[in-house]
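Note sheet for the following structure.
The values are calculated or read from the model by the stated rules, or taken from the named source; none is laboratory data. Every value quoted in this text rests on a predicted model; they were computed, and no experiment measured them. Reconstructed Cβ throughout: ideal geometry from the backbone, glycine too, with neighbour counts over all protein chains shown. SASA here: full protein model, heavy atoms, side chains in, ligands and nucleic acids out. Shrake-Rupley method; radii C 1.70, N 1.55, O 1.52, S 1.80 Å.
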Amino acid sequence: MKGNQELIDTLNDLLAGELTAINQYMVHAEMCEDWGYTKLHDSFEHRAITEMKHAEKLIERILFLEGTPIVSHLNDMHIGAEIPQQVNNDHALELDAIRQYNEAIVLAGQVLDYATRDILEAILRDEDTHLDELEELQDQIEQMTLPTFLSTQN
């Protein structure tokens, strides 16, 4: 099925965001593992795996719409040198993703591609969950103080 080119381009922009998130989360996960923060490692890694599934769905949809998935483009990554920076950088990444998905959902509706809109809405729900998880971490760091928070992450 030949899809709307503007929507295909938008899906490729979303794909670049997902591929960027995968890399950023995996680096943060491995840094946490190296520092001995197993719970944080698992949290970051789980988010990266979810983003991989999002990338897969976007690639499938782009191909279905007879577009070419662009997997060689990444957005700027922001790797945090310390845990609070990592969480804050990932939070900013998710906020941007949510904004982009909301805009893409509107576009999909405008071009009457409701199947793509459904896919994007499902991904958006996951991104909302990611944002909530990151905000919980930010709150815990603030309320417990960083040393106490980190002592709970082994």
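If a residue must be open to solvent by less than 60 Å² (accessible area, probe 1.4 Å) and under 16 Å from residue 4 (Cα atoms), how many such residues does region 69-109 contain?
6
So is residue 112 over 17 Å from residue 15 (Cβ atoms) and either open to solvent by less than 70 Å² (accessible area, probe 1.4 Å) or outside any loop (DSSP other than H, G, I, E, B) (or both) or not?
Considered against the rule, which asks whether it is over 17 Å from residue 15 (Cβ atoms) and either open to solvent by less than 70 Å² (accessible area, probe 1.4 Å) or outside any loop (DSSP other than H, G, I, E, B) (or both), residue 112 comes out as no.
Taking residue 150, is it open to solvent by 20 Å² or more (accessible area, probe 1.4 Å) and under 13 Å from the mean Cα position of the chain (by Cα)?
Answer is no for this residue.
Out of 66, 60, I need the residue that is open to solvent by 70 Å² or more (accessible area, probe 1.4 Å) and either in contact (Cβ under 8 Å) with a residue 60 or more places away in the chain or closer than 14 Å to residue 137 by Cα (or both). Which one?
From the options 66, 60, the qualifying one is 66.
Give region 1-57 a look and list any residue that's open to solvent by less than 10 Å² (accessible area, probe 1.4 Å) and either among the polar types (S, T, N, Q) or touching a Gly at 6+ places or on another chain (Cβ under 8 Å) (or both), or say none.
Across region 1-57, the qualifying residues are 8, 11, 20, 24, 28.
Hey, does region 98-107 have a residue that's farther than 16 Å from residue 18 by Cβ and at pLDDT 95 or above?
Yes, some residue in region 98-107 is farther than 16 Å from residue 18 by Cβ and at pLDDT 95 or above.
So in region 77-109, with the set limited to residues that are free of Cβ contacts under 8 Å to residues at least 12 places away in the same chain and in a helix (DSSP H, G or I), which one is farthest from residue 47 (Cα to Cα)?
The residue in question is 109.
For region 115-147, what are the residues that are among the basic types (Lys, Arg) and buried (at least 17 other Cβ atoms within 10 Å of the Cβ)?
Residue satisfying the conditions is 117 alone.
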